[in-house]
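First comes the structure, then the notes that go with it.
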Amino acid sequence: MYVPKYHEESDISILHALIRAQPLGTWVTHSDGELLANHIPFLIDPSRGAKGTLVGHVARANPAWQSFSKTVNSVVAFQGPQTYITPSWYPSKHAHGKAVPTWNYAVVHAHGMPHAIEDRDWLLQHVNQLTDVHEYDQALPWKVSDAPQEFTEKLLQAIIGIEIPIVKLVGKWKVSQNRPVPDKLGVVAGLIARDDTQSKEMASLVSQHVSIPKGG
C-alpha cells in the first residue's frame, strides 16, 4: 500500500482500535497462482506477538484454509471511515480555484502467515469469544449455550479456525492532513452538515489533525 509519510498511522493501539471497530477483514492470500480474497470477521489479540494476532474462522467447505500460501504472507485489510471530499468545502478553492476532489479514508493492512486450526475445544472457545464480543450490547445477548449442544457440535465440525500472527501492520489515515487549516475546517463543517455516520466519523478524524497556529 502506498503511504505518504503525512498519511502514515503507526500507533498500534490506534490500528488495533480500528480493527475492533471494523472487524470484517478482507483476507487476501496467494493461492494456486492467483489471489484469493475472503471476507471474515476477525478478533484481534494484542497480547500475542509484538503487533498482535488475528483470530477468525472459515467454513470447512471454503477451500481457503487448505490452499493459502505457506511461503507468502497473507494480508488482511480493514476499512474504517471513508467518504468523498468536494473541493467546494475549501476556502482556497474559492480564493484561487486550484483544488480538486479527493477521497478520505482510514485503513489498516495486517500482514502475516496464517495457520489453520481444527481443534474442537479451540473452536468452541473462539466462537464463544466472538459471540460475546458482538452480542454484548444487545438487549438480550445470545450465547452459544442457547443452542442445543448437538446442534453446536455439528456446526463446530463445519468450521476451521484461522490465526494470523501479525508481522507487519500498516495504517493509512488519509484525512486531509495536506490541506491548510482553513480547508480542514471547511471539510469538517461540510462533513458534519451531511449528517450521516461515515461523514461524522471522518469529521472526527479530520478534526484530530487540525493544528491551529499560535495567534491564528
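Odds and ends about this structure:
- Number of residues in the stretch 13-49 that are surrounded by fewer than 16 Cβ atoms within 10 Å (Cβ to Cβ) and touching a Leu at 6+ places or on another chain (Cβ under 7 Å): the value is 2.
- The stretch 126-137 residues that are over 14 Å from L156 (Cβ atoms), paired with ones that are in a helix (DSSP H, G or I) and of a type in the set (V, I, T) (beta carbon under 9 Å, 6 or more apart): D132/V144
- Any chance T53 is hydroxyl-bearing (S, T, Y), within 23 Å of R20 (Cα to Cα) and in contact with a helix residue (DSSP H, G or I) (Cβ under 8 Å, 6 or more places away or on another chain): no
- Residue ID - nearest to the chain's Cα centre (by Cα), chosen from residues in the stretch 78-97 that are crowded, with 17+ Cβ neighbours inside 10 Å and within 25 Å of V133 (Cα to Cα): F78
- Selection count where residues are under 24 Å from D196 (Cα atoms), in a strand (DSSP E or B) and not hydroxyl-bearing (S, T, Y), scope the stretch 69-102: 7
- In the stretch 155-169, the residues that are closer than 18 Å to D45 by Cβ and either polar (S, T, N, Q) or exposed (fewer than 13 other Cβ atoms within 10 Å of the Cβ) (or both): K168
- Some residue of the stretch 116-129 being over 26 Å from the mean Cα position of the chain (by Cα), farther than 23 Å from L15 by Cα and surrounded by 13 or more Cβ atoms within 10 Å (Cβ to Cβ): no
- Count - residues of the stretch 64-101 that are of a type outside the set (D, E, K, R) and within 30 Å of D32 (Cβ to Cβ): 15
- In the set (1) closer than 22 Å to A106 by Cα; (2) more than 25 Å from the chain's Cα centre (by Cα), the condition left unmet by P148 is number (1).
- Applying the condition of being out of contact with any helix residue (DSSP H, G or I) (no Cβ under 7 Å at 6 or more places or on another chain) and not in a helix (DSSP H, G or I) to the stretch 130-154 and asking which residue is surrounded by the fewest Cβ atoms within 10 Å (Cβ to Cβ) yields A139.
- Odd one out for H109 among (1) outside any strand (DSSP E or B); (2) over 20 Å from A61 (Cβ atoms): (1)
Where a number appears in this text, it was derived from the coordinates with a stated rule and is not lab data. As the structure is a computational prediction, the values presented were derived from the model and not from experiment. Heads up, the Cβs are rebuilt from the backbone with ideal geometry, glycines too, and the neighbour counts pull from every protein chain shown.
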